[in-house]
Every structure is written in structure tokens, then in C-alpha cells.
Amino acid sequence: CPLTDGGEGFGETLTTAAHGEIRTPLVTGPRGQPIKARLGFITANNVPANATRHLALENNPSVINAPLAIVDLSSASGLALLAPSERDPWQTSTDGTGELVRLAAEAGAGTILMGVGGSATNDLGLGALAALGFKFYDGAGADLGVPTPARWSQIQRIDRSGAKNIPPI
């Protein structure tokens, strides 16, 4: 029985246990640096029956006939990716995690299972939303880009009109 707490190794543990495929795309790390993260894909028939029921995958053809993507937040936005001197949650982002979600959707995932342990940030997932097409603007209408917590006070408007369609997480 694979066991993980949702942090480091979550995606690799579950994907390997279900004989899935692990991809290592280049994404944005928690401080904006390029990193290779892990993104797993599992075919529905390799998901154990109990997990299928727990994840509400059964009796849903649009989900069960598509791969299940395993997104490991810690591999893209994790604390272990940073040196101790870089660990400042006011300056970090989940942008790379959003990039993994977008890549999973583009690859045809019907559902995404995400482990959220081991995070280097407390950005409420706003970085991930930015990677998925949300725009954050200040009072003058300037695009703030990826909104780290240090810049939240500048956010005056959020535009979700460019948001990408993603499968259930």
C-alpha cells in the first residue's frame, strides 16, 4: 500500500505504485527560477477500486476514460527547492504548480489529484491561478504578474476572463 502525506514524493509514490508515467516538465519554481518538476499520469484501470470510489471517479465516463494526473505541489513550489536563505513565504509563489495543472489539462487529464504538502509559500494559490490565466491588476490598471503575498496589498482587481478550463481537482 503506497503511503504519502501529500508532500515531497507524493506524485512519484502514487504514480509508481499505479504503474503510471512520470514526466518532468520545466516549470517556474517558488522564487521564479526554472526547475524540472514531476507530473504523473495514471490510466483509470490502474487506479485501485477503493481509490476510484473515494475520488468519485466511478460511473463518470468523461473522467474514467481519461488519465488521472498526479500533481505534486512540492516538486514545483516546495520548500525543499530553496536554500534556507531563500525561504521567505512573502516572496514565493505557486506559479509552477499552476503550470503543472495547465500541462495536465492540455495532456487530456480527466481528473487531477494534487498533494499540497511541503509548500514554500502561503500565497493562497494565487500564483497557480496566474499560471492558469487569471490576471491581477493594481489601482492604476497595471498587470501585477504573479502576485506574491508581499504584493497582495496592490491588488485592486482580478480578471478571470482568460482562465483556462481545467478538469476537477
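Report yes if L14 is more than 22 Å from F134 (Cα to Cα), at pLDDT below 95, open to solvent by less than 80 Å² (accessible area, probe 1.4 Å) and not in a loop (DSSP other than H, G, I, E, B), otherwise no.
yes
Within the stretch 74-101, how many residues turn out to be crowded, with 19+ Cβ neighbours inside 10 Å and not aliphatic (A, V, I, L, M)?
Here the count works out to 12.
Please go through (1) under 20 Å from G32 (Cα atoms); (2) touching a helix residue (DSSP H, G or I) at 6+ places or on another chain (Cβ under 7 Å) for I70 and return the number of the only condition it doesn't satisfy.
(1)
Can you tell me which residue within the stretch 48-73, out of those that are open to solvent by less than 20 Å² (accessible area, probe 1.4 Å), of a type in the set (A, V, I, L, M, F, W, C) and modelled with pLDDT under 80, is nearest to V101 (Cα to Cα)?
Among those that are open to solvent by less than 20 Å² (accessible area, probe 1.4 Å), of a type in the set (A, V, I, L, M, F, W, C) and modelled with pLDDT under 80, it is V63.
Look at the stretch 111-161 and say how many of its residues are over 30 Å from T15 (Cβ atoms) and either out of contact with any helix residue (DSSP H, G or I) (no Cβ under 8 Å at 6 or more places or on another chain) or open to solvent by 50 Å² or more (accessible area, probe 1.4 Å) (or both).
20
Return the residues of the stretch 122-157 that are farther than 23 Å from V71 by Cα and β-branched (V, I, T); say none if nothing qualifies.
I155
Residue by residue, here is whether (1) touching a strand residue (DSSP E or B) at 6+ places or on another chain (Cβ under 8 Å); (2) closer than 20 Å to G162 by Cα; (3) touching a residue at least 60 places away in the same chain (Cβ under 8 Å) holds:
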position: P67; (1), (2), (3): yes, no, no
position: D72; (1), (2), (3): yes, no, yes
position: G78; (1), (2), (3): yes, no, yes
position: P84; (1), (2), (3): no, no, no
position: P89; (1), (2), (3): no, no, yes
position: D95; (1), (2), (3): yes, yes, yes
position: G98; (1), (2), (3): no, yes, no
position: V101; (1), (2), (3): yes, yes, yes
position: E106; (1), (2), (3): no, yes, no
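Of all residues in the stretch 124-151, which are in contact (Cβ under 8 Å) with a residue 24 or more places away in the chain, more than 15 Å from the chain's Cα centre (by Cα) and assigned to a helix (DSSP H, G or I)?
P149, A150
The values are calculated or read from the model by the stated rules, or taken from the named source; none is laboratory data. These figures come from a predicted structure and were not determined experimentally. Note that we place each Cβ from the backbone using ideal geometry, even for glycine, and neighbour counts take in every protein chain shown. Ligands, DNA and RNA are stripped out before the accessible areas are found, and what is left, the full protein with its side chains, is counted by its heavy atoms. Shrake-Rupley method; radii C 1.70, N 1.55, O 1.52, S 1.80 Å.
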